[in-house]
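The values are calculated or read from the model by the stated rules, or taken from the named source; none is laboratory data. Values in this document were obtained by computation on a predicted structure and should not be read as measured data. Note that we place each Cβ from the backbone using ideal geometry, even for glycine, and neighbour counts take in every protein chain shown.
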């Protein structure tokens, strides 16, 4: 589902206009991003959590040339699914 399709579904579910729904979705996404950029996590009980994790440096290979390369450490965003969401998805996709 694209962002546009999500905004349309959100507008229908909330009975908001598409324009207002897009403003609300954008505000939500920007807020989550700002919190993560501060190094804090965002948790929605039962649904899941976004958190920052440190990925360790490692050695790898360039797949085109086979040359050894060093991949530096970096911070990445991880999403850990909550039980309620995981159970709902499992139930909905069980066929």
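Points worth noting:
- Test: residue in segment 24-36 that is in contact with a helix residue (DSSP H, G or I) (Cβ under 7 Å, 6 or more places away or on another chain), free of Cβ contacts under 8 Å to residues at least 40 places away in the same chain and not assigned by TED's automatic domain parsing to the domain that holds residue 86: yes
- Residue in segment 56-72 that is closer than 28 Å to residue 29 by Cβ and touching a helix residue (DSSP H, G or I) at 6+ places or on another chain (Cβ under 9 Å) present: no
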